[in-house]
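What follows draws every value from the coordinates through simple rules; no lab data is involved. Keep in mind that this is a model prediction, so the values were computed, not measured. Reconstructed Cβ throughout: ideal geometry from the backbone, glycine too, with neighbour counts over all protein chains shown.
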Amino acid sequence: MSLMALMLPLALGIALLVDRLLGEPPLWCHPVVGMGRYLGAFGGRLSAMPPSQAFLGGALVWLLGALLCTALALSLELGLIHALRPWQDAWGLLGAALLLGLLLKPLLAWRMLVDEVLSVERALEQSLAAGRSQLARLVSRDTSALDAEAVREAAIETLAENLNDSVVAPLFWFALAGLPGAALYRFANTADAMWGYRDHREWSGKWAARADDVLSWIPARITALALIGLRPQGLLRLAQQAGRTPSPNSGWPMAAMALRLNLRLSKPGVYVLHAQGRSPQAEDLLQATRLARRALWATALLLAFCALSLRLPA
C-alpha cells in the first residue's frame with residue numbers, strides 16, 4: 001500500500017482530534033476570518049450597485065477569492081507531498097499527515113458548534129432573555145419574540161444545518177480533492193453566509209448562494225442519512241420533510257434531526273418540519289448533540305475510507 005494514500009485519511013482524523021482537544025485557532029491566523037475580511041471588503045460596495053453590475057461583480061469577486069484560496073491550499077499540500085518523498089516511511093507519513101491535519105482543522109468547527117449550541121440551554125436556565133441573546137449569536141433571524149421552545153427549536157436546527165456546513169461538507173471535499181477542496185468549500189460557505197440573503201445583498205450574493213447550493217448538495221444528504229440511519233420508512237419521510245424548506249440542502253439534516261428525535265422544528269412563517277412531533281425540552285439539546293456526534297464519526301469513517309480508496313493504486 002502506498003504511504004501517500006494514507007496521508008489524507010490520517011490527516012482527517014488528526015484534524016478532528018485537534019478540534020476536540022484545542023478548538024479554534026487564534027483569530028489572527030484563522031483562514032476563515034481571512035476569507036470573511038476579503039468578502040467584507042467588497043460586500044458593501046457590491047450591494048449598492050444596480051442588479052446586473054452587482055451580480056457580475058459578486059461573481060468575479062467570488063471567483064477571485066476561490067482561486068486564491070484553492071491556490072494557496074494546493075501549494076501547501078504539494079509542499080507537504082514533496083517534503084514526504086525523501087522520507088517514504090511511517091515517520092515521514094505521520095509528520096506530513098500531522099501538518100496537513102493542522103492545516104485542515106481551521107476549515108471545520110465541530111467543538112465550537114457544540115459549545116455554542118449547548119450554551120443556549122445553559123442561558124435558558126438563567127432566563128428567557130439570556131437564551132434569546134445566546135441564540136442570536138448563532139442565527140440571523142430575530143430572536144426577540146421567541147419563547148423557550150422556539151429558542152430550542154432554532155438551536156437544534158442550527159446544530160443540524162451546521163453539522164453539514166461546518167464539518168461534514170469540508171471533510172467531504174477534503175476526501176475528494178484534498179486541502180484545496182476543503183478550502184474551496186469553506187470559502188463558498190462563508191460567502192453564502194455573508195452575502196446569500198434576499199435583501200439588499202440579493203444580487204451581489206446570488207452567485208455565492210448558488211455555488212454553495214451546488215457544493216453542499218451531496219454532503220447535506222450524506223449528513224441527513226447519517227443522522228436518520230438506514231431505515232427505509234424513514235428515508236421516504238425524510239425526503240418529504242426536507243422539501244418543506246426553501247433551501248435545497250439545509251432541510252435535509254434538519255428534517256433528519258426532527259424525525260430521529262421526534263421533534264417539531266420550525267421557522268415562523270417559513271417552514272414546519274415533522275409537525276406531529278413534540279416540542280423540544282431542556283434535555284433535547286444534549287440529545288441532539290449526542291446524535292450529531294455519532295453521525296459525525298460515522299461519516300468521518302466513511303469519508304476516510306473513501307479518501308483512501310480514491311488514492312490507492314489501481
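Treat every Asp and Glu Cβ in the chain as -1 and every Lys and Arg Cβ as +1, leave all other atoms uncharged, and give the resulting dipole magnitude about the Cα centre to the nearest 20 debye.
With only Lys, Arg, Asp and Glu charged at Cβ, the dipole is about 400 debye.
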Estimated FRET transfer efficiency (Q276, M194; beta-carbon r; R0 35 Å; 0.05): 0.45
From Cα pairs below 8 angstrom and at least 6 apart in sequence, can you work out the relative contact order of the stretch 172-283, rounded to a whole percent? 16
Can you tell me the orientation of helix 31-47 relative to the chain, as the angle in degrees between its alpha-carbon axis and the longest Cα principal axis, to the nearest 10? 60
Which of rounded, prolate or oblate describes the stretch 84-209 when judged by the alpha-carbon gyration tensor and an a/c cut-off of 1.5? oblate
So how compact is the stretch 241-297: Cα radius of gyration and Dmax in angstrom? 11.3, 34
Work out the charge dipole of the chain with +1 on the Cβ of Lys and Arg and -1 on the Cβ of Asp and Glu about the Cα centre, then indicate which of W217, L179, V61 is farthest towards its positive end. W217
Picking from M112, M35, M257, which is most flexible by a Gaussian network model of the chain using Cα springs under 10 Å? M112
Place a +1 charge on the Cβ of each Lys and Arg in the stretch 44-133 and a -1 charge on the Cβ of each Asp and Glu, then give the dipole magnitude about the Cα centre in debye, rounded to the nearest 20. 220
May I ask for the net charge around I218, where only other residues with Cβ less than 14 Å from the Cβ of I218 are counted and Lys, Arg are +1 while Asp, Glu are -1? -2
Measure nothing fancy, just the Cα-based angle from helix 169-195's long axis to the longest principal axis of the chain, in degrees from 0 to 90, nearest 10. 40
For the stretch 45-146, diffusion coefficient by Stokes-Einstein and Kirkwood Rh (Cα), 20 °C, 1.002 mPa s, µm²/s: 118
Taking the chain as a Gaussian network, Cα atoms linked when under 10 Å apart, which of L100, L296, L63 shows the biggest mean-square fluctuation? L63
Size of the chain as Cα extents on the principal axes (Å, biggest first): 61, 48, 38
Between L21 and R122, take the C-beta separation as r, use R0 = 25 Å, and let me know the FRET efficiency to the nearest 0.05. 0.70
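Between A298 and A41, what's the calculated FRET efficiency when r is the beta-carbon distance and R0 is 41 Å? Round to 0.05.
On the way: r = 39 Å, r/R0 = 0.96.
With R0 = 41 Å, the Cβ-Cβ based efficiency is 0.55.
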Nearest 10 degrees is fine. How inclined is helix 110-126 to the longest principal axis of the chain, computing both from alpha carbons? 20
Can you divide the C-alpha Rg of the stretch 173-314 by 2.2 N^0.38 Å and report the result to two decimal places? 1.16
